[in-house]
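Read the structure below first, then the notes.
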Amino acid sequence: VEGIQLNVKAKKLYFLHFLRSQELHGQDGEWSSGNKHIAYYKIHYADGSSVEVPVRFRRDIDMPESDYSKYMKPGEALEWQSKYGDTCRMWYMTFDNPYPDKEIRTLDVRGGEDRYPFYLFAISAEQ
């Protein structure tokens, strides 16, 4: 998805998202270390510059049924109970804007190399 209009100056952006893939359950190596990029958020500034932000598995995003961990901490998820009694979570990711005085014009969202399905539900800004 390209060109999501933001038109805001912000110190931080907050992303509410989650990943959905049965293939990733129990993965080790680069998966568990947080080195696997699930997606990228590209932030375009009004002056034409941009910053690409990787979304890393088990550091910035996880599956709804995943528990809290060293990187995915309580307070960084929107939590609810499913109709079956399971705990589900959407995860928050915080982006500290290196250019808080620049207007953020648009945001692009693209999947990572392996194209695992992820869902971005909300974006908010702290001015």
message = For residue 42, give me every one of the lysines with a C-alpha distance below 22 angstrom, ignoring sequence neighbours fewer than eight places off in its own chain.
response = 9, 11, 12, 102
ask   = Between residue 52 and residue 114, what FRET efficiency follows from the Cβ-Cβ distance if R0 is 22 Å, with the result rounded to 0.05?
value = 0.80
key: Around residue 87: net Lys/Arg minus Asp/Glu count, Cβ-Cβ under 12 Å   = -3
task = Using the heavy atoms of the protein chains and a 1.4 angstrom probe, tell me the accessible area per residue for the chain in square angstrom.
result = 57 Å²
request  = Using a 1.4 Å probe over the heavy atoms of the protein chains, calculate the carbon and sulfur portion of the accessible area of the range 55-127 as a whole percent.
outcome  = 48 percent
message = Just to be sure I understand the model, the point goes 7 Å from the Cα along the line to the Cβ. What's the resulting residue 73 to residue 121 distance in nm?
response = 2.1 nm
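The values are calculated or read from the model by the stated rules, or taken from the named source; none is laboratory data. Since this is a predicted model, take the numbers as computed values, not measurements. Backbone-built Cβ (ideal geometry, glycine too); neighbour counts: all protein chains shown. Just the protein is used for accessible areas: all its heavy atoms, side chains included, with ligands, DNA and RNA removed. Shrake-Rupley method; radii C 1.70, N 1.55, O 1.52, S 1.80 Å.
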